Amino acid sequence: MNVIQVDRLVKRYGSFTAVDGVSFDVRPGEVFGFLGPNGAGKTTTISVLCTLLRPTEGRAIVNGFDVAHQSDEVRRSIGLIFQDPSLDIQLTAQENLDFHAFIYDLPARESRARQEELLRMVELWERRNDRVRTFSGGMKRRLEIARGLLHRPRVLFLDEPTLGLDPQTRRHIWQYILGLREKEGITLFLTTHYMDEAEYCDRIAIIDHGKIVALDTPARLKAGVGGDIITLRTTDNERAAAELQARFGLEAARQDGMVRLEVPRGDEFIPRLVQDLTSQIVAINMSRPTLDDVFLKLTGRAIREEEGSAKDTMRLGARMWGGRR
Amino acid sequence: MKRRWRADLRGVYIIWYRDVLRFWRDRPRIVAALAQPALFLFIFGSGLSASIGGAARGSFGGDYVRFLFPGVVTMAVLFTSIFSAMSIVWDREFGFLKEVLVAPVSRSAVAIGKALGGSTQAVLQGSVVLLMAPLVGVTLTPLLLVEVIPLMFLLAFALTSLGIAIASRMKSMEGFQVVMNFLMMPMFFLSGALFPLQGIPAWLQVLTRLDPASYGVDPIRRVMLAASGLPDEFARGIELLGRPLAMAEEIGILAVFAALMLGLAVRSFAAQE
């Protein structure tokens, strides 16, 4: 059985439709990515799945429980890492975990052992008695991951888990996230607009204007955009282009002193090209379509343009100044 | 059903516990929060006491400062109650509220835990002010504490619940100034903390009777003046409908108000998205 089943889910605020008839399933143990520009409905969808918002129409089932009618059961089945930090910075790391354990009704002894295991995993065991106020952004995130896993959820939701963190910390966080799947056998549902992070997902749903515009593995989504782009420089570009047309039946374009062509499998084509082309090759380069290209093609916008929106800038500010309270 | 109840009780407890823990953690604030009551008591109180002259002094049972003292204790309770309820807005802004809202406990439990936690903070802060009693010639007896603390708690619970009802609808800290100027200060000034509610202009009389804090200040003052062996002519009960209320009636009014506010707090807190 699928661990998340969403069927024609709609969430409206007055006349504004944030989520407009979304349907998808998430399989047990997979890393499922939810991609889209700000305001596309990502966070709203997550909020419905986490029982923070009630659906206007449609149904969503998490771990076999209906989010609208069995919210307590859903809540016990899931862990959450929010977009913005949600720790009590006046308390210590351990106290934050204690609070979580208590409110999720974990037996004290089990909770102790589990806390140690998780704090060691995220390398915060030595800092357990320090107040969270003194933690860096990356440390807070790691602590939140430990907290989200404390009650052994079936699904861990991560809403922009690395937003506002530096690249090194982002890599670090991903190491934990991917390690989880092996250690805990947990299903991961995440939203992000970092395209390189989306590559870690087993499957990706791209959402725009409240609708899912594509859902597949990263490889197949990229394949759908078109083939790999090969650019080569030869001693005689005109002759090379003619030869490519005649011998391989490929439409080659000449631009900026280069010959540019598109093939379905560039990695397999290059050896043949090098072997069979009689024109002298000086340099050869191949680029594959990225998820950026997929996104651009499906939504008509580059996802990166969305990155610097005012709201995110504010969020970043809040995260940087999060110590002030 | 049983599990639900148990989960909710745990929720109430842990929310309360967190508030108490945070209060205790922030000991410098407890001391800093003494400054304002001390200013009122020693500077405002002593100054006014000297200037209103012998005749008036006599009518205050010999000492305005002793009349003022219960008012200043209530002030600490009032301000701490509303402030602690406002921490919901902080928690929303800094995200911790989400951790609470997705936990498997009902929102009513969270709101009740918060009301209890805020009231406990307020009673603790009020008790710290109460420790100044010997400085103004009021003797702290165990009996006095047994009487005053539940009264402080009832007032605190009513005000914290009111605060939660407001904070649940507030989106940012910007609204806080408004709450401060249009709710807390008027409530404080109209409560009878600073002056007796007898013999005042009719319009003011009406406003003071509408202030729920009035029904908290008077019983606390009655108990304290009685314990100090002072004449209680300025704590004879708020006059309502032409006769002074008995202490039990005042407590009753406050209790009804507290119950209504708790209901409102639970409703507003549950309604937020």
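Only one of the listed residues (A:219, A:240) is over 30 Å from residue A:123 (Cα atoms) and touching a strand residue (DSSP E or B) at 6+ places or on another chain (Cβ under 9 Å). That residue is A:240. Of all residues in the range B:87-112, those that are without any contact (Cβ under 8 Å) to a residue 40 or more places away in the chain and acidic (Asp, Glu) total 2. Restricting A:88, A:66, A:72 to those that are closer than 30 Å to residue A:1 by Cβ, at the interface with chain B (Cβ under 8 Å from one of its Cβ atoms) and free of Cβ contacts under 8 Å to residues at least 60 places away in the same chain reduces the list to A:72. Each residue in the range A:242-280 was checked for being in contact with a helix residue (DSSP H, G or I) (Cβ under 7 Å, 6 or more places away or on another chain) and either surrounded by 16 or more Cβ atoms within 10 Å (Cβ to Cβ) or at pLDDT 85 or above (or both), and 7 of them qualify. Looking only at the range A:140-177, which residues are acidic (Asp, Glu) and closer than 14 Å to residue A:86 by Cα? A:144, A:159, A:160 - these are the residues of the range A:140-177 that are acidic (Asp, Glu) and closer than 14 Å to residue A:86 by Cα. All of (1) within 14 Å of chain A (Cβ to nearest Cβ); (2) free of Cβ contacts under 8 Å to residues at least 40 places away in the same chain; (3) among the polar types (S, T, N, Q) hold for residue B:84 with one exception: (2). Only residues that are over 16 Å from the mean Cα position of the chain (by Cα) and either more than 28 Å from residue B:51 (Cβ to Cβ) or surrounded by fewer than 22 Cβ atoms within 10 Å (Cβ to Cβ) (or both) were counted in the range B:67-86, giving 0. Restricting attention to the range B:249-267, does a residue exist that is modelled with pLDDT under 90 and farther than 29 Å from residue B:63 by Cα? Taking every residue of the range B:249-267 in turn, none turns out to be modelled with pLDDT under 90 and farther than 29 Å from residue B:63 by Cα. Taken over the range B:91-115, the criterion of being of a type in the set (A, V, I, L, M) and assigned to a helix (DSSP H, G or I) is satisfied by B:97, B:100, B:101, B:109, B:110, B:111, B:112, B:115.
Residues are listed down the side, and each one gets a yes or a no for (1) surrounded by fewer than 19 Cβ atoms within 10 Å (Cβ to Cβ); (2) out of contact with any Gly (no Cβ under 9 Å at 6 or more places or on another chain); (3) without any contact (Cβ under 8 Å) to a residue 24 or more places away in the chain; (4) more than 10 Å from chain A (Cβ to nearest Cβ):
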{"residue": "B:10", "(1), (2), (3), (4)": "no, yes, no, no"}
{"residue": "B:13", "(1), (2), (3), (4)": "yes, no, no, no"}
{"residue": "B:17", "(1), (2), (3), (4)": "yes, no, no, no"}
{"residue": "B:25", "(1), (2), (3), (4)": "yes, yes, yes, no"}
{"residue": "B:28", "(1), (2), (3), (4)": "yes, yes, yes, yes"}
{"residue": "B:34", "(1), (2), (3), (4)": "yes, yes, no, yes"}
{"residue": "B:43", "(1), (2), (3), (4)": "yes, yes, yes, yes"}
{"residue": "B:47", "(1), (2), (3), (4)": "yes, yes, yes, yes"}
{"residue": "B:52", "(1), (2), (3), (4)": "yes, yes, yes, yes"}
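Residue B:121 passes every criterion in (1) in contact with a Ser or Thr (Cβ under 6 Å, 6 or more places away or on another chain); (2) within 21 Å of residue B:179 (Cα to Cα); (3) away from every other protein chain (no Cβ under 14 Å) apart from (3).
Listed here are the residues, each with its yes/no results for (1) closer than 27 Å to residue B:97 by Cβ; (2) buried (at least 24 other Cβ atoms within 10 Å of the Cβ).
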| position | (1), (2) |
| --- | --- |
| B:124 | yes, no |
| B:128 | no, no |
| B:145 | no, no |
| B:156 | yes, yes |
| B:169 | yes, no |
| B:176 | yes, no |
| B:179 | yes, no |
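Go through the range A:128-139 and count every residue that is in a helix (DSSP H, G or I) and either crowded, with 18+ Cβ neighbours inside 10 Å or out of contact with any His (no Cβ under 7 Å at 6 or more places or on another chain) (or both). Going through the range A:128-139 one residue at a time, the tally reaches 5. Counting only helices (runs of 4 or more DSSP H) that sit wholly inside the range B:116-192, those with at least 1 residues that are closer than 20 Å to residue B:67 by Cα are B:142-167, B:185-190. Residues that are among the acidic types (Asp, Glu) and farther than 17 Å from residue A:142 by Cβ were ranked within the range A:99-117; the one that is farthest from the other protein chains (Cβ to nearest Cβ) is A:110. Scanning the range A:1-57 for residues that are more than 28 Å from residue A:185 (Cβ to Cβ), among the polar types (S, T, N, Q) and more than 16 Å from the chain's Cα centre (by Cα) yields a count of 3.
Only one of the listed residues (B:119, B:191) is in contact (Cβ under 8 Å) with a residue 40 or more places away in the chain, among the polar types (S, T, N, Q) and either more than 30 Å from residue A:101 (Cα to Cα) or surrounded by fewer than 21 Cβ atoms within 10 Å (Cβ to Cβ) (or both). That residue is B:191. Scanning the range A:49-63 for residues that are of a type in the set (Val, Ile, Thr) and within 11 Å of chain B (Cβ to nearest Cβ) gives a single hit, A:51. Selection of strands (runs of 3 or more DSSP E) fully inside the range A:140-241 by the criterion of at least 3 residues being polar (S, T, N, Q), in contact (Cβ under 8 Å) with a residue 24 or more places away in the chain and buried (at least 17 other Cβ atoms within 10 Å of the Cβ) returns A:187-192.
Taking the numbered list (1) away from chain B (no Cβ under 14 Å); (2) at pLDDT 90 or above in turn, residue A:180 passes all entries but (2).
The values are calculated or read from the model by the stated rules, or taken from the named source; none is laboratory data. Here the structure is a predicted model, which is why all the values come from computation and not from measurement. Note: ideal-geometry Cβ built from the backbone for every residue, glycine included; neighbour counts use all protein chains shown.
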